[in-house]
Amino acid sequence: MIWFITKRIAYAMLILLGVSFITYLLLYLIPADPARQIAGRSATAEVVANIRHQLGLDLPFYQQYLRYLGNLLQGDLGRSYVQRSEVAALIGSRLGATLQLMAAGIACELVIGIALGMLAALKRDSAIDRLLMAFSFIGVSSPHFIAAMLLLYVFAVKLAWFPMGGYGGVSHLLLPAITLGLLGSGWYSRMVRSSMIEVLHQDFIRTARAKGLTRARVILRHVLPNAITPVIPMIGIDIGIFMGGLVVVESVFGWPGIGQLAWQAIQQVDIPVIVGVTTVSAVAIIVGNLLADLIIPFIDPRIDIRKS
Amino acid sequence: MKATITKLALSVAVASLTLAGVAQADDAPKAGGDIVVTYQNDVATLDPAIGYDWQNWSMIKSLFDGLMDYKPGTTELVPDLAESYTISDDGKTYTFKLRHGVKFHNGREMKASDVKYSLERTVNPKTQSPGAGFFSSIVGFDDLASDKSDQLRGVTTPDDYTVQITLSAPDATFLHVMALNFASVVPKEAVDKWGADFGKHPVGTGAYKLADWALGQRLEFVKNSDYYKPGIPYLDKIDFEIGQEPTVALMRLERGEVDIAGDGVPPARFLQFKNDPQHQKLMVTGDQLQTGYLTMNVTMAPLDDVKVRQAINMAINKDRIVRIINGRAKPANQPLPPAMPGYDKSYQGYPYDVDKAKALLAEAGHPNGFDTELYVMNTDPQPRIAQAIQQDLANIGIHAEIKSLAQANVIAAGGDKDQAPLVWSGGMAWIADFPDPSNFWGPILGCEGAVSGGWNWAWYCNEKLDAEAQKADAMVAPEQQQARAELWGKIFTDAMVDAPWVPIFNEQRFTVHSARMGGSDALYVDPVHVPVNYDYIWVK
Amino acid sequence: MAALRIFLTMCRRPSVAVALAFIVIVVVASLLAPWIAPYDPNEQFFEGLTLEGAPLPPNATYWLGTDLLGRDLFSRIVYGARTSLIIGIVANGIAVVIGTLVGITAGFVRGWLGMALMRLTDLMMAFPALLLAIALAAILSPSLWIVALVIAMVNWVQVARVIYSETISIAAREFVAVERTIGASSLRILFSHLLPHLVPTILVWATLGISTTVLLEATLSFLGIGVQPPLPSWGNIIFESQSYFTSASWLVLFPGVAIVALSLSFNLVGDALRDELDPTLKGRR
């Protein structure tokens, strides 16, 4: 197991290397000139050349990348072209807020998703099932912007149950987290429903029922653990998709997180910030996947992960 | 047809603005009070040598001072940290007498050496200031800009309260340049202490001090009780909340949680604010030194034919474009905005005349039109405006494919000699750095801007007009100003004969503030302290 | 014949019948758009805006109202069906095919190829999907097919990952082990056991994926890197008008309903298909 974990961590580092390389390459290829951006519109050609040289943008691509990598190893993510502050400081100041929203959002997703999925599976083919599945799908099919604006409009403006955006305590957190949870839960409820139906039909469940165990006990002890197995890798997968939703939700609710930082950096082609955010999200996603892979064997002993 | 100039002096230019505030002028300003201001985008930096954004421009003006400034709410130049100034007869030497006893936020008195240091810091390439180029007329600029020296030879300090600046050529805009944020006075010891992070720990002489900054969330400005102007500022504290979506900010403003929505009114709410009397009271309208234009690359066929460019000028229905943006602008017929000295009120421009445009196009040898590309920035409403232009061009047979890209990509394409035939400037349009026509020429219509990576996306280079421009900028004496404005006006209308642009509209500015805010309306749409002059507003 | 039987069984459920009907309507609308749409979708009518430049609500001339440029919203939605369907089907089709191939290869064939593919998947998974799409679109300069390609390049990864976990989960079950001990060839196991077990998953993903794809296209349009104007897609109609949501809700409502309805339809149909095709469920209902 230790060997396996070491191996996976080594892979994770390689993947991180790959991610940073591809991001850097993609941004290098974008037709925009950062030196011009910094120098402003009144700059002379000489000033621009000077800035380009200071930033090392006159070097060939591989040298620029190696330089970036060298700094990265020392924990230096570079300085923002637009904000002129350390990328690490910019990300650091927003990391807490994003982690908070992510944790709350994923918790909402899971609670809503698993509860609805279970209910739908148990009431399979009833009106409740159809209603819940339609609901889950409407959630999945709604653009984040619209859902966020709608919830904000109804619950903050009309009903005044929540503050209208901004950063703060639980009351500020709830609405954006619910937005993310509602829209993201569709995947989980569908997944839980279908895997639960499958599990319910398997022989060992019938055996358990035949042994005289109560319905509730069978569901909680036997069906649920088996049914949520596919949900676990989904969480890892979800973090990447989640980031996309975060960008929109954070900017609608004025939540000062990384999503908002990324969105502003993308609009301004602030390359060090974009690479930094990508790298940080990549770390989050890789850790998520790694944990998912490590947890599966404990829940579903039929899978021997060391073979994969 | 001889052009006559009606707007003569700077102070007249925005007289309409000051008039708007008369109604409120009776009630005297009250000291005290805290307010909340919101912006959507992050405040990048408060370093006066670097900050160049919508949201930080007037914040920096409230934290720092320069030798010159403008009368609040107007474009009238007045001395600020300078008590007085004199200009030599040849127009090359400016001597500023500094105020005594002006203190930095750290308690030290501001001296002449600080002025010299600050200018040198901005020009020094290591600072990477986007404003360095403005100071190119100072003697010794080239040496400092190219790392050959670490001083500006042209700036000297005969004593602690005198600064003498020598220019390599007379420059009528120099006093405006000294009023730019980039000429703000900073204390060397604070810059040395914070290095590249000075922009996060600003120390100036201004009306407010930065008390707290939670990156990406909020900034807190508090009153500088040692400010050299007695009684100023009126407010005790300003809370800037960052990352607020404009629509949400407006909702909060209506609920009394926000006092100024810094990003103005989003399009969807604009008509509501304009037409509802309750909302109307909260919205202030002002002119902007801005023109939205379509550039036509004069080096690319078939746009290299002046007839084709004139045809395009006649093909575009500017009234309809203004309607599309809900009348938030006024149609334009020349590069200069109406509030700018030199604007020619009698100039008619090209009429909207589709038949004549078609005829011109046929004359130029394109009776069936041609295919081309229209570059545009990809944030609303720019792509919509581009589609309106596209339809107008289609009416005379020109098929323009829209390239809707990120701002940086459009700027890069425009600065590439043979890439972008047509560029709609919206979102990147020239907003004057200071209220002088010369700022509207060099970089965007003069030969100096028609270089790779430049901002002259029409690649228009008329050496004769450039020479005229030089002549106009050498007219520094106060009594020459009327003639200078006239000359500038003629340069721009003469350029329109070659039609490198289609000037489309002059955008207006709308600020929304809560009912409890006091002070003349002009302060909320200050043409220089963009967007709001925080020093002079107050709470009722 | 089997296909027809399944089809008829499915149609017995009213919700599925409605869903199929809606899909047919959308397909027909996109094929016959020039005959169905009352106006040119790109024509900006002078009287299509109020004098203040506000869009018109639904009325007799413009059935679903006009957009912010005075264009007929109904015509744009009809033509937009083309864009959304093409991107939905093409992009998602490519994504599902690539994802399935990669997932099965990595989970069943394994070996160095499987390993390499899984590492590639991990690499792609570690990218925030939206950012990858943005970077690709910025470099490739967007058009209809580029957008479809970009979406496919981002979306195949999730499919591959899910198919991969399903594959190893199925391959680890007793019946596969039994087959192996009685000497069944890998190919036989693949076709007689693995694929049939995977079909429901693939179908669920193929149907859900269409909605994801349409939404991703909309998000790209929102960021200004979707299909280029004036070409209408349901996504860019919504995002062009989003700032007017509170004052001109029809501009968001109609294309929004169209998107949700289409996604819901594909979902219902896919769900029904899954019930009909899943061998473990057959005969137990």
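The values are calculated or read from the model by the stated rules, or taken from the named source; none is laboratory data. Every value quoted in this text rests on a predicted model; they were computed, and no experiment measured them. Virtual Cβ from ideal backbone geometry, glycine too; neighbours counted across all protein chains shown. Areas reflect the complete protein model, heavy atoms only, side chains present, ligands, DNA and RNA absent. Shrake-Rupley method; radii C 1.70, N 1.55, O 1.52, S 1.80 Å.
So, with a 1.4 angstrom probe, what is the percent of accessible area on chain B that is carbon and sulfur?
Taking all protein chains in place, chain B shows 50 percent carbon and sulfur surface.
Place +1 on the Cβ of every Lys and Arg and -1 on the Cβ of every Asp and Glu in the range C:1-70, take the dipole about the Cα centre, and give the residue among C:17, C:48, C:37 whose Cα lies farthest towards its positive end.
C:17
Quick one: dipole size for chain A, taken about the Cα centre, charges +1 on Lys/Arg Cβ and -1 on Asp/Glu Cβ, in debye to the nearest 20.
Roughly 980 debye, rounded to the nearest 20.
Rounded to the nearest percent, how much of the accessible area of the range A:94-307 (1.4 Å probe, protein heavy atoms only) is carbon and sulfur?
71
With the cut-off at 19 Å, report for the range B:65-191 the share of all Cα pairs above it, as a whole percent.
Summing the P(r) of the range B:65-191 above 19 Å gives 45 percent of all pairs.
Please work out whether the protein assembly as shown counts as rounded, prolate or oblate from its C-alpha gyration tensor, where a ≥ b ≥ c are the square roots of the eigenvalues and a/c under 1.5 means rounded, while otherwise a/b larger than b/c means prolate and anything else oblate?
Taking the square roots of the gyration eigenvalues as a ≥ b ≥ c, the protein assembly as shown is prolate.
Please tell me which of these pairs span more than 18 angstrom C-alpha to C-alpha: B:71/B:490; B:92/B:471; B:223/B:281; B:30/B:229?
Too far apart for the 18 Å limit: B:71/B:490; B:223/B:281.
Which three extents, in angstrom, do the Cα atoms of chain A have along their principal axes, listed largest first?
The Cα atoms of chain A stretch 85, 57, 31 Å along the principal axes, largest first.
Testing the spin-label approximation: label points 7 Å from Cα along Cα→Cβ at residue C:28 and residue A:287. State their distance in nm.
5.5
Per DSSP helix of 4 or more residues, -39500 (n - 2.57); summed, then divided by the residues of chain A. What does that give at 222 nm, rounded to the nearest 500?
Helix contribution divided over all residues of chain A: -24000 deg cm²/dmol.
For the pair residue B:201 and residue A:160, what calculated FRET efficiency results from E = 1/(1 + (r/R0)^6), where r is the Cβ-Cβ distance and R0 = 51 Å, to the nearest 0.05?
0.85
Enter the per residue convex hull volume of the range B:292-508, computed from alpha-carbon coordinates, in Å³ rounded to the nearest integer.
109
Going toward the positive end of the dipole of the range A:1-90, with +1 on Lys and Arg Cβ and -1 on Asp and Glu Cβ, which of A:31, A:73, A:62 do you reach last?
A:73
At residue B:356 and residue A:124, where each label point lies 7 Å from the Cα along Cα→Cβ, what is the point-to-point distance in nanometres?
7.7
Can you give the Rg to Rh ratio of the range B:125-263, both from alpha-carbon atoms, with Rh computed by the Kirkwood formula?
Rg divided by Rh gives 1.05.
Counting pairs of alpha carbon atoms under 8 Å apart in space and at least six apart in sequence, what relative contact order in percent does chain B give?
Answer for chain B is 23 percent.
May I ask for the accessible area buried between chains C and A, both sides summed, probe 1.4 Å, to the nearest 100 Å²?
About 4900 Å² of accessible surface is lost on pairing.
Just name one of B:262, B:60, B:123: the one whose Cα is farthest towards the positive end of the charge dipole of the protein assembly as shown (beta-carbon charges, Lys/Arg +1, Asp/Glu -1).
B:262
Return a whole-number percent for the relative contact order of chain C, with Cα pairs under 8 Å and 6 or more residues apart as the contact set.
Relative CO of chain C lands at 24 percent.
Averaged over its residues, how many other protein chain Cβ atoms are within 10 Å of peptide A:192-201's Cβ atoms?
Mean number of neighbouring Cβ atoms from other chains: 2.
Using a 10 Å cut-off on Cβ to Cβ distances, tally the other chain neighbours for every residue of A:94-104 and report the average as a whole number.
If you average over the peptide's residues, the count of other-chain Cβ atoms is 1.
Would the range C:71-278 count as rounded, prolate or oblate if I go by the C-alpha gyration tensor, calling it rounded below 1.5 in a/c and otherwise prolate when a/b exceeds b/c, oblate otherwise?
prolate
Please state the charge dipole magnitude for the protein assembly as shown, taken about the Cα centre, from unit charges on C-beta atoms (+1 on K and R, -1 on D and E), reported in debye and rounded to the nearest 20.
Charge dipole of the protein assembly as shown: 4820 debye, to the nearest 20.
What do you get for trypsin sites (Lys or Arg not before Pro) in the range B:253-323 restricted to DSSP loop and a cutoff of at most 15 other Cβ within 10 Å of the site's Cβ?
Taking the range B:253-323 and a limit of 15 other Cβ atoms within 10 Å, the loop trypsin sites (Lys or Arg not before Pro) found are B:255, B:281.
Heavy atoms of the protein only, probe of 1.4 Å, neighbouring chains included. What is the accessible area of residue A:145 in Å², nearest 10?
20
Determine the per residue accessible area of the range B:64-209 with all protein chains present and a 1.4 angstrom probe, expressed in square angstrom.
35
Between residue C:184 and residue C:247, 0.36 nm times their residue separation minus their Cα-Cα distance comes to what?
16.1 nm
With charges set only on the Cβ (+1 for Lys and Arg, -1 for Asp and Glu), what does the dipole of the range A:1-141 come to about its Cα centre, in debye to the nearest 20?
Charge dipole, the range A:1-141, about its Cα centre: 100 debye, nearest 20.
To the nearest 10 Å², what's residue A:278's accessible area with a 1.4 Å probe?
0
If you wrap a convex hull around the Cα atoms of the range B:285-397, how much volume per residue is inside, in Å³?
Expressed per residue, the convex hull around the Cα atoms of the range B:285-397 is 119 Å³.
How large is the convex hull of the Cα atoms of the range A:1-49 per residue, expressed in Å³ as a whole number?
Hull volume normalised by residue count: 82 Å³.
Counting helices only, and only those DSSP H runs with n ≥ 4, report the 222 nm mean residue ellipticity of chain B as the sum of -39,500 (n - 2.57) divided by its residues, in deg cm²/dmol to the nearest 500.
Calculated from helices alone, the mean residue ellipticity at 222 nm is -8000 deg cm²/dmol.
Would you work out the relative contact order for the range B:39-170, in percent, from Cα pairs under 8 angstrom that are 6 or more residues apart?
21
With each pseudo-label sitting 7 Å past Cα toward Cβ, what's the residue C:11-residue A:215 distance in nm, one decimal?
With each label point 7 Å from Cα toward Cβ, the separation is 3.6 nm.
Roughly how far apart, in whole Å, are the Cα centres of the range B:295-329 and the range A:220-271?
Computed from Cα coordinates, the inter-centre distance equals 44 Å.
How well do other chains shield peptide A:258-270, expressed as the mean number of their Cβ atoms within 10 Å of each residue Cβ?
Mean partner-chain Cβ count within 10 Å for A:258-270: 5.
Give the aspartates and glutamates whose C-alpha is closer than 16 Å to that of residue B:97, dropping any in the same chain fewer than 8 places away, or say none.
B:65, B:69, B:80, B:83, B:109, B:114, B:159, B:160
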